[in-house]
Every structure is written in C-alpha cells, then in structure tokens.
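Q: Take this structure, written in structure tokens, and hold onto it; I'll ask about it next.
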Amino acid sequence: MIVFRKLLSSTRLTIVGMALLAVGSSLIYGNPAEVPVWVLVAPLSVLAVNLVAAIATNPRINRRPGLLMFHIGLLAVVVLVGVGRLTHYEAHVEMVDGQQFTIDDAIDVKSGPFHSGNLDQVQFAQGPFTVDYQPMLVRGSTRSHIRVRNEKGEWQARVIGDDTPLVIDGYRFYTTFNKGFTPVLTWLPDAGAPVTGTVNMPSYPLFDFKQSNSWTPVGGREIKFWLQLDTGLRQDAAWTLDVRRTGSVLVVNDGDRRVELKPGDETVLDGGRLRYEQLRQWMGYKIFFDPTLRWLFLASILGVIGLASHYWRTFTAVHAATDKITALNSASSAALTNKG
Amino acid sequence: MFSEATEMPWLWAGLAAYALAAFYAFRGIAQQRVLAAGTRSYEGLVLLFMVCGVVLLAVSLGVRWVRIGHGPFVNLFELLVSQLFSLGTIYTLVYWRLPLLRPGAIVSLPIIWVLGLWVLMIEPKDAPFPPTYYNDWLWAHVGFGKIFLAFSMVGSGLAGVILLRWIGWFASWLRHLPADDVLDRYAWRFMVLALVFDSLMLIAGAVWAQDAWGRFWSWDALETSAFLTWLALGGAIHARLAWNVPIRLGAAFILIIFVVAFMTYFSTPFISEAVHKGVI
C-alpha cells in the first residue's frame, strides 16, 4: 500500500504524466477530427491523481504553503477544465436586423452532456451594424447595435463587436467575420394570404462575387435570384460596410425572363406576385457558455501567486547562502594571495 | 511627421550599442584571464553600452509608434524590435543588480544580437492594427511574455557559461568566474522565475483570447507551442528534483527550453495559418 501511494505521488510519475501530456498536446494541435480527446484526458487524469497523492502525502509540498497553493491551483484548473467540457455550450446564430433571438435560431450546436442554462430566456434583438475596412479589405472595427431586454422588461440599447461580447446569463455572444445582406421579400399569391420572409445572402464581402440564393415561400414555388449591390467597396481605399449606404437591385430569374427589382418594386410570377420590400443585414454570432470561466481564472491566479510566494521565500534564503559562499571564497582567495 | 527613415538610424545605433556591449563583455572576460581575479573594470562599459542601446531602441520604437499610430505588436519586425528593447532592458537591470551573474553576458548578449541581425534582414513594413488588439489584456499577455523570455535568457546565459567551460579553450577563459554549482543555482532560480511569468502569460493570453475570439484555448499553433514550452519548463524543474541531474545536463535542459521558447515567439506565429498568428 505504501509503495503504491509512493508511486502515485512520485515526482517521476509527474514527469511521465507531463511527457504524455506533451505528446497529447502535439496530437491535438489544430483539433483534428480523427484524434480522440482521450489523448488529453488520459494524461490529465494521471496528473490529477498524482497531484492529489502528492498534495496529501508529500511533505515537500504540503508543508510549504506557497507550493501547496500552487499545486492545489493546478489541480483545480485540471478539474475545472473537465467540468467546463461537461457543461459547456457552443453554437452559431445568424441574426437579421430587427430579429429577436430565440433558442431555435442556434445552429452548429455543441454542448457537454451536463449543460444546463437559461439560453431560452436570453432576450435581445438585432439592430443595424457597421464594419470598417482599411485598404486591401483589412477588417477594422465592428459595431453591432442591439437591444437587450432587462429584468424590468425594458429594451436597452447596446453596441457590441470584436472583443466586446454581449454577456447574458453567462452566455457570451461574439460578432464574427461572417455577415452579409438580407433582402426582405413578400410573396402575394393569387389566392391566399401574403407571406413575408428574409433570405440571408452569402457572407459579404467574402463572397462579393456570389450573391445568389433562392426562396420558397410557404405554399409557393422556388424563386431564384441574385443581388446586385452597390456598397461603395474599393480595394484601394478605406470603406465601411453599412446597409444604409448600400444600393441594391434584386435580379429574379424566372425561366428565360430576367426581372430587376429595386426596394419597393414587385413583379408578376407564375401563381402570384413577388415584392422586394427592402435590404437589411445579417450578423453571424458565436455563442459561448462555460460556467467555470471565472473559477478557472481565480484558480490559475491563486496557483501562480502560490508559486511566486514560494519562489520569494526560497530565493531570498538561497541568495543569502550563495552570497555567504561567494564571500568565503573571496576571503580564502585573498588569504592565499597574501600568503603568496 | 516621421518617416521610416527617421526611426531606422535609432535602431541601427541601438544595435551598435548592444554590439559594443557584447564586445566589451568578451574583452573583459579575456582580460580577466591574464589579470587578477576580481578585476572588472570592463563591466562599467558593458553596462553603459547596454543602457545606451535600450535608450536608442526606445526612441526608435517611440518614433515608429507615433508614425504608424500603434505599438509594436503586429508583424515580425515590430515583434523583434520590441523584444530587443525588452530583453535589453531586463538584462541591463539584472546585470546592474546582480554582479555575480555578469559573466553570463558572453552568452546572453550574443543571443540578443541574433535578434539584432535578424531584424536587419527584415523590411520594416507597417501592418494594420487588428480591432481585437485594442484590448488591455494584450498588454498583460505581451508584457508577461517578454519578462518570461528575458528571465529564460538570463538563465540560458549562465547555463551557456557552464557548458562553454566544457570546451578546453573557453575553460581557461572562464576559470575565474563563479563555480558551476553557483551558476547552476542561479540559472535555475531564473528558470523558476521564468515559469511564474510564463504561467501569467498563458493566463493573460487565455483571458484575451476569450474576449477576442470567443474561446480561451483552441490548440492553435501558438497556443500548442506555448503550452509545450510551459510543460518543458515544468518538466525540467521536476526532473531536477526527482533525479540528481548533473549540472551540465541541467544546463543543456535550460538551453533547450530557451530554444523552444524562442521558436514559440519568433517562428510559430508566422508560419501558422491559424487565427492566432499576429494579424487577424
């Protein structure tokens, strides 16, 4: 039993665990789909067991407050990362100007098996946004205007973008490079009620050359179209992506017929009429939730403070000892020189 | 107000000052071989030229900052010049405050000069400042990283002296310097200190990445490389505790860790296509 405990808490096992973790880290680089997460989980488990055993039994750690704090901090980080993976939530959402967020809008959802949160209660609505570009299409600041419903039920205006996410109930919404235009279309069938819908066009300006899409209104047939945009985009000059400064023509392909619609225009198609109401924008958001973030920060900072305090105590002691040795060496050298 | 032509002479003058500091460090060690131990008149000159180099590089960085409107955080040229400044500043402080460690200058100053030669071969292009770089955590991340690298370099300087003593020609040059065990103890002190700042760099970087890209860790090239450096440093410190690692082997460990850290800084961000590559 004692031998087993010694083995579990040994520094040699720490080194083996670290070596395995180094291998695992190298394999997981770039997050390749074919590499299982076990390449990290296995060495981290070994290190966690080793840390627990060392903290409990190794007097070189548990009798030194700084080192103890550092190792507990490390253990806490390992445990919290594990808890974070089990409870996290990540997704994307495309929000059109005027749209209110609902949980059903989230796409590419990845979440831990124990995720539980209040995403269904998150309430915010998308407004217009602008993105600055420097010459050669180097992306600058993104300013996304949104409205958030507070506890009193009032809508509050906010501007988010780049490194300023919207944070509600622990869910963090980040603007992304993925954004574009959205024509608002109304289908007025010969018989029945009109249907209004939005169609998100491919990301702009990334797919400036490929602004085509199609729409199938409820009870109608597929309508193919492309969007001719006048955004003022120039490669050699600074430019701002802003729907309010953008002209657009919706080009509808109806068999052999080509129809150009400006906002407010409509055309007759087989079975009804299509009206191009207006041009809006859509913004792609990344949603991130990890309830351990704050605790991870705290645990890692406390760990480093522990290591620093241990260092300070040890260094001052060794510094004094080394100075003493050096002084003694100098004294003996001087004595030898005098003798000579 | 300023042009590229204004900042470059300050940079060249700063590099020249570092070169003179390195020259006097070598000359001093060579003189000490023939003079009595403890004769250290050259150290004042080394310190003087180091201070001059730091001041001249600060002017070069300042002029460029005013000209392009942002700090030296984006491209390789800016990264190298700012490292020359920060490594020089921290090394000068260590050289001034810890006389016992001054012999390490014959290794540390040439390391600084490797960066100096490299920067001379790079075009001093301007690069746009990404919007996610207007984040205060950038300063913490970069600042801690610079202190980490500087302390690793000090440790490597001492480790380099230990290893150079192995070579017959250098052995006679360096025999008046403190004993290997003294240098070894100090070298590892600096490596533990480097671990503290490496950890702080990783923490600050994770907080910044969470704000900037919506994730605190993603195993991109730079993150993986930085984590491997941290593991190597932590592993080496544990190995030294677990086994009676010979002083020269320990010194070799230190140099290897420094090389890994150096690669993380100066090559990984610029060969990777991942988001975390300097320009977003």
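The values are calculated or read from the model by the stated rules, or taken from the named source; none is laboratory data. Not measured: the values here are computed from a predicted model. Cβ coordinates were reconstructed from backbone atoms using ideal geometry, including for glycine residues, and neighbour counts include every protein chain displayed. Each accessible area value is taken on the protein alone, full model and side chains, heavy atoms only, with ligands, DNA and RNA left out. Shrake-Rupley method; radii C 1.70, N 1.55, O 1.52, S 1.80 Å.
Q: Measuring from centroid to centroid over Cα atoms, what is the spacing of the range B:92-125 and the range B:231-258 in Å?
A: When both Cα centres are located, 23 Å separates them.
Q: Across the Cα atoms of chain B, what radius of gyration and what greatest pairwise Cα-Cα distance (Dmax) are found, in Å?
A: Reported Rg and Dmax, both Å: 19.3, 61.
Q: Moving to a separate point now. When each pair of different Cα atoms in the range A:90-289 is counted once in the 1/r mean, what is the Kirkwood radius in angstroms, to one decimal?
A: It works out to 18.3 Å.
Q: While we're here: Between B and A, buried accessible area summed over both sides at probe 1.4 Å, in Å² to the nearest 100?
A: 3900 Å²
Q: Quick one: with all protein chains in place, what share of the accessible area of chain A is carbon or sulfur, to the nearest percent (1.4 Å probe)?
A: 59 percent
Q: When only alpha-carbon atoms count, how far does the range B:1-127 stretch along each of its three principal axes, as whole angstroms with the largest first?
A: Principal axes ranked by extent give 53, 25, 20 Å for the Cα atoms.
Q: So what are the radius of gyration and Dmax for the Cα set of the range B:130-280, in Å?
A: For the range B:130-280, the Cα-based Rg and Dmax read 17.4, 56 Å.
Q: Then there is this: May I ask for the distance between the Cα centers of the range B:127-200 and the range A:53-90, given as a whole number of Å?
A: 27 Å
Q: Where does the longest stretch of chain A lie that holds no GluC sites (Glu not before Pro) found in a DSSP loop with 13 or fewer other Cβ atoms within 10 Å?
A: A:223-340
Q: At what distance in angstrom do the alpha carbon centres of the range A:203-252 and the range A:120-151 lie from each other?
A: Between the Cα centre of the range A:203-252 and that of the range A:120-151, the gap is 19 Å.
Q: Still on this structure, I have one more. To the nearest 10 square angstrom, how much accessible area does A:Thr186 have with a 1.4 angstrom probe?
A: 10 Å²
Q: Summarise the partner chain shielding of A:293-299 as one whole number: the mean count of Cβ atoms from other chains within 10 Å of each residue's Cβ. Let's see the in-between values first.
A: Numbers: counts 4, 0, 0, 6, 5, 0, 0.
Going residue by residue through A:293-299 and averaging, the value is 2.
Q: Compare each residue of the range A:157-178 in its chain alone against the assembly with all protein chains, and report those whose accessible area goes down by 50 Å² or more; 1.4 Å probe, heavy atoms.
A: With the partner chains in place, the range A:157-178 has these residues losing at least 50 Å²: A:Asp163, A:Tyr174.
Q: Right, next: Need the per-residue list for the range A:15-33: every residue with at least 40 Å² less accessible surface in the complex of protein chains than in the chain by itself, probe 1.4 Å, sorted by number.
A: For the range A:15-33, once contacts with the other chains are taken into account, A:Ile15, A:Met18, A:Ser25, A:Tyr29, A:Asn31 lose 40 Å² or more.
Q: When only C-alpha pairs under 8 Å and at least 6 residues apart count, what is the relative contact order of chain B, in percent?
A: 19 percent
Q: Can you pull out the trypsin sites (Lys or Arg not before Pro) in the range B:84-183 that DSSP calls coil and that have at most 14 other Cβ atoms within 10 Å?
A: Listed in order of number, the matching sites are B:Lys125, B:Arg175.
Q: Measuring with a 1.4 Å probe in the full set of protein chains, what accessible area per residue, in whole Å², belongs to the protein assembly as shown? If you can, show how the numbers build up before the last one.
A: Values: 29120 Å² over 620 residues.
Here the residues of the protein assembly as shown average 47 Å² of exposed surface.
Q: Among B:Gly143, B:Gly157, B:Gly214, which one shows the biggest mean-square fluctuation in a GNM of chain B, springs joining Cα atoms closer than 10 Å?
A: Result: B:Gly214 has the largest fluctuation of those listed.
Q: Using the alpha carbon gyration tensor of the protein assembly as shown, what are the three equivalent-ellipsoid semi-axes (square root of 5 times each eigenvalue), largest first, in whole Å?
A: For the protein assembly as shown, the semi-axes come out at 59, 31, 18 Å.
Q: Kirkwood hydrodynamic radius, chain A, all distinct C-alpha pairs: what's the number in Å?
A: Averaging 1/r across every pair of different Cα atoms and inverting gives 25.7 Å.
Q: Could you identify which residue out of A:Ile15, A:Ile223, A:Ile146 has the top mean-square fluctuation in a GNM of chain A using Cα springs shorter than 10 Å?
A: In the Gaussian network model the winner is A:Ile15.
Q: Continuing with the same structure: Ignoring any ligand, DNA or RNA, what whole percent of the accessible area of the range B:1-127 comes from carbon and sulfur when the probe is 1.4 angstrom?
A: Carbon with sulfur: 71 percent of the solvent-accessible area.
Q: Let me ask something else about it. May I ask for the equivalent-ellipsoid semi-axes of the range B:101-187, computed as the square root of five times each C-alpha gyration tensor eigenvalue and listed largest first in whole Å?
A: Semi-axes (√(5λ), whole Å): 35, 17, 7.
Q: Shifting gears a bit: Can you give the longest stretch of chain A with no exposed loop site, where a site means chymotrypsin sites (Phe, Trp or Tyr not before Pro) in a DSSP loop (not H, G, I, E or B) with at most 11 other C-beta atoms within 10 Å?
A: Of all site-free stretches, the longest is A:210-340.
Q: Can you compute the helix-only [θ] at 222 nm over chain A? Use -39500 (n - 2.57) per DSSP H run of at least 4 residues, normalise by all residues, nearest 500 deg cm²/dmol. Don't jump to the answer; show the numbers that get you there.
A: Details: 6 runs with 120 residues, N = 340.
Calculated mean residue ellipticity at 222 nm is -12000 deg cm²/dmol.
Q: Can you send over the carbon and sulfur percentage of the accessible area for the range B:170-214, probe radius 1.4 Å, protein chains only?
A: Of all accessible area on the range B:170-214, carbon and sulfur atoms account for 64 percent.
Q: For a 22 Å ceiling on Cα separation, which of these pairs sit above it: A:Lys110/A:Lys286; A:Lys110/A:Lys224; A:Lys210/A:Lys286?
A: Numbers: A:Lys110/A:Lys286 12 Å; A:Lys110/A:Lys224 33 Å; A:Lys210/A:Lys286 24 Å.
Among A:Lys110/A:Lys286; A:Lys110/A:Lys224; A:Lys210/A:Lys286, the Cα-Cα distance tops 22 Å for A:Lys110/A:Lys224; A:Lys210/A:Lys286.
Q: Which whole-number percent gives the relative contact order of the range B:1-130, counting Cα pairs below 8 Å spaced six or more residues apart?
A: The normalised contact order for the range B:1-130 reaches 32 percent.
Q: Pairs of Cα atoms under 8 Å, at least six residues apart: use those to get the relative contact order of chain A, whole percent. Each step should come with its number before you reach the end.
A: Numbers: 593 pairs, mean separation 65.0, N = 340.
RCO, chain A: 19 percent.
Q: Once both axes come from the Cα atoms, what is the angle between helix B:105-120 and the longest principal axis of chain B, in degrees from 0 to 90, rounded to 10?
A: 30 degrees
Q: Specify the residue with the greatest mean-square fluctuation among A:Gly117, A:Gly161, A:Gly264, computed from a Gaussian network of chain A linking alpha-carbon atoms under 10 Å apart.
A: Maximum fluctuation in the GNM of chain A, among the listed residues, is at A:Gly264.
Q: For chain A, return all DSSP H helices satisfying: extent of Cα atoms along own axis at least 18 Å; mean Kyte-Doolittle hydropathy at least 0.5.
A: Answer set is A:11-28, A:38-57, A:65-87, A:293-339.
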